[in-house]
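The values are calculated or read from the model by the stated rules, or taken from the named source; none is laboratory data. The structure presented is a predicted model; accordingly, all values stated were derived computationally and were not measured. We place every Cβ from the backbone using ideal geometry, glycine too, and count neighbours over all the protein chains shown.
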Amino acid sequence: MRLVGFLLLVAGWILVLAAVVLLGATQARAMFVLAGIAVEALGLALVFRTHLILRGSRD
Amino acid sequence: MTPLAAPDLSEAARVLCIVCILLVPLAGTGISLVNTGLGRSRSASHAMLTALCVMALAAVVYCACGFAWQGYLGRPAHLLLVRGRPWSWVAAEPFFLRRLELDGSPVSLAACFGMLSVGLAALIPLGAGADRWRLGAACASTALFAGCTYPLFAHWAWGGGWLAQLGSNYGLGRGFVDAGGSGSIQAMGGLTALALAWILGARRGKYGPDGAPAAIPGHNAVYILFGCLLAWVGWVGLNSAGAILFAAAEPGRAVLIVANTTLSAAAATLTAAVITRVRFRKPDASLAANGWVGGLAASSAACAFVVPAAALIIGIVAGALVVFSVEAVEFWLAVDDPGGAISVHGVAGLWGVLALGFFARFPSRLPNAVNGPSQALGGDAGQWLAQLVGAATLVGFVLPLTYGLNRLLDRIYRQRVALDGEREGMDLYELGAGAYPEFATHTDEFMPR
């Protein structure tokens, strides 16, 4: 699950890069950059959640 | 091909830059004292020695290969053509600072600045790994940081890399701007601290069987508060030198930088003190100190380009973010960060990067390479988007890379000290002598209660 979280972080970043490179209109570019950041937030949440679960199982 | 040109610094700017660079080690000294004060007394000597070793190793590795990959504006770099536009990914300088005249030229000043600032950034994770991170492992991790992750992002932001080119390539304001290093130094260090806190795990006794965290207060409030004052002086140098070198700020702008740095730190510490006073009935010294450093970290990116009122707002938000983030990291996310490095440098640093996009007002014509074609019209539209892309790169690229490298290192050379080391204290276990030999040993939280 942690690996998936980190992959989501990277996927969000690639989405941000793709938005900058491929889109020309400012509004569309901004929307896709924000979408990429939302994917990153999801990935970060997953990594934190995994950390909590693993810590709980160790206890 | 070198798309972004180096700034032409006047004699006054060079002299001021040298003076400011000489102040930067004080920021490292301050952070070391804060980290040591927030740790346990039985690990104090270890904390200071690790800080010294980390700064030394960071400087050596940076000179060996870090600067070769960071480079500077107008210097050779490896380019990638992306839909017909040149993206500078990594610099192409020779190793060991060869073919670089250390004569006061902008590139030599940038190399000198980098040698000191990489040490400051490498100190930040020590706060998160306090009381359990082995000296050898901290040095090995620092070598990865100073030789790989730091130069890579520093090239993108400061060396004319693709983040700095966002303005000239895609019309996003003036490209990613980070004058004093809110992103390149603070957020880099803070995110590395988060990766290491995950890998190291919590200190023994920090979380009970029910998952509730136990308070393990810092052992010396005087170190913490004195460290804050030293860091202030160092940060003034850091922000001024960074603004001159990487944003071509003219020497007179140093006055604004000093005012903004101070106002941001002051607003942040007062905000933290007020919030803790309201919530806990008494102001919390360590959180107020963390607020101070958080304000400094947040001030760095925009220090040269915002009015003092905006610096106050940046500081107020940074102070509030630090207080709530420290609590969230410890209570809700169960990450043990004794020095508050994740919140103080990571969260506040990212806020500083974004704040530039909201508040910065650039001079109509900056004589530097961060100007893009859109600035010929005097507009800075899209600057917030460039800052957002920079922040997304830190979280989406730097954090996974740092975690992966340190996880790999942990497989080869275990980073966390053995249980005996935690019980005895890092001083006795790793160094054979404590920092305060004449003091009585305090209660051991490993004893059954």
**Message:** For the range B:136-187, which positions are over 15 Å from B:PHE113 (Cβ atoms) and of a type in the set (Ser, Thr, Tyr)?
**Reply:** B:SER141, B:THR142, B:THR149, B:SER168, B:TYR170, B:SER182
**Prompt:** Which residue, of B:SER141, B:SER108, is away from every other protein chain (no Cβ under 14 Å) and surrounded by fewer than 21 Cβ atoms within 10 Å (Cβ to Cβ)?
**Reply:** B:SER108
**Asked** Mind checking whether some residue in the range B:118-133 is among the β-branched types (Val, Ile, Thr), out of contact with any strand residue (DSSP E or B) (no Cβ under 7 Å at 6 or more places or on another chain) and within 14 Å of B:ALA56 (Cβ to Cβ)?
**Response** yes
**Asked** Any residue at all in the range B:302-309 that is more than 19 Å from the chain's Cα centre (by Cα) and part of a helix (DSSP H, G or I)?
**Response** yes
**Message:** Quick check on B:SER325: is it at pLDDT below 95, part of a helix (DSSP H, G or I) and of a type outside the set (Lys, Arg)?
**Reply:** no
**Prompt:** Which residues, taken from the range B:144-162, are crowded, with 24+ Cβ neighbours inside 10 Å and away from chain A (no Cβ under 14 Å)?
**Reply:** B:PHE145, B:ALA146, B:TYR150, B:PRO151, B:ALA154, B:HIS155, B:ALA157, B:TRP158, B:GLY159, B:GLY160
**Prompt:** Taking the range B:182-219 only, how many residues are modelled with pLDDT under 95 and more than 14 Å from chain A (Cβ to nearest Cβ)?
**Reply:** 5
**Complete:** With the first residue restricted to the range B:242-271 and required to be without any contact (Cβ under 8 Å) to a residue 24 or more places away in the chain, and the second required to be of a type in the set (A, V, I, L, M), Cβ contacts under 8 Å at 6 or more apart or on different chains are B:VAL258/B:VAL236
**Request:** May I ask you to list the residues in the range B:60-87 that are touching a residue at least 12 places away in the same chain (Cβ under 8 Å), among the charged types (D, E, K, R) and outside any strand (DSSP E or B)?
**Result:** B:ARG75
**Request:** Filter the range B:284-336 down to residues that are β-branched (Val, Ile, Thr) and closer than 27 Å to B:TRP198 by Cα, then give me how many there are.
**Result:** 7
**Asked** within 18 Å of B:TRP332 (Cβ to Cβ) and in contact (Cβ under 8 Å) with a residue 40 or more places away in the chain, is that true of B:TYR170?
**Response** no
**Item:** Complete set of residues in the range B:163-181 that are farther than 19 Å from A:GLN27 by Cα, within 14 Å of chain A (Cβ to nearest Cβ) and not small (Gly, Ala, Ser)
**Value:** B:LEU163, B:GLN165
**Fill in**
In the range B:201-241, residues that are in contact with a helix residue (DSSP H, G or I) (Cβ under 9 Å, 6 or more places away or on another chain) and either without any contact (Cβ under 8 Å) to a residue 12 or more places away in the chain or not in a loop (DSSP other than H, G, I, E, B) (or both) total 24
**Item:** Options B:LEU33, B:LEU57, B:LEU26, B:LEU52; residue that is in a helix (DSSP H, G or I), within 30 Å of B:ALA433 (Cα to Cα) and free of Cβ contacts under 8 Å to residues at least 60 places away in the same chain
**Value:** B:LEU52
**Message:** So for the range B:326-340 (the condition being under 15 Å from the mean Cα position of the chain (by Cα), farther than 21 Å from B:LEU388 by Cα and surrounded by 24 or more Cβ atoms within 10 Å (Cβ to Cβ)), does at least one residue qualify?
**Reply:** yes
**Request:** State whether one or more residues within the range B:178-193 are outside any strand (DSSP E or B) and surrounded by fewer than 24 Cβ atoms within 10 Å (Cβ to Cβ).
**Result:** no
**Message:** Given the options A:LEU46, A:LEU22, A:LEU42, name the one that is surrounded by fewer than 17 Cβ atoms within 10 Å (Cβ to Cβ) and more than 9 Å from every other protein chain (Cβ to nearest Cβ).
**Reply:** A:LEU42
**Message:** Looking at the structure I just gave you, is B:ASP131 in contact with a Lys or Arg (Cβ under 6 Å, 6 or more places away or on another chain) and either touching a residue at least 12 places away in the same chain (Cβ under 8 Å) or surrounded by fewer than 24 Cβ atoms within 10 Å (Cβ to Cβ) (or both)?
**Reply:** yes
**Asked** Which fully enclosed helices (runs of 4 or more DSSP H) of the range B:363-445 have 2 or more residues being modelled with pLDDT of 95 or more and surrounded by 15 or more Cβ atoms within 10 Å (Cβ to Cβ)?
**Response** B:383-393, B:399-412
**Asked** Is one or more of the residues making up the range B:161-172 assigned to a helix (DSSP H, G or I) and under 16 Å from the mean Cα position of the chain (by Cα)?
**Response** no
**Request:** State whether the residues of the range A:49-59 include one that is within 13 Å of B:LEU385 (Cβ to Cβ) and within 9 Å of another protein chain (Cβ to nearest Cβ).
**Result:** no
**Request:** Pick out the one residue from B:ALA130, B:ALA143, B:ALA110 that is over 17 Å from B:ALA164 (Cα atoms), part of a helix (DSSP H, G or I) and of a type in the set (Gly, Ala, Ser).
**Result:** B:ALA143
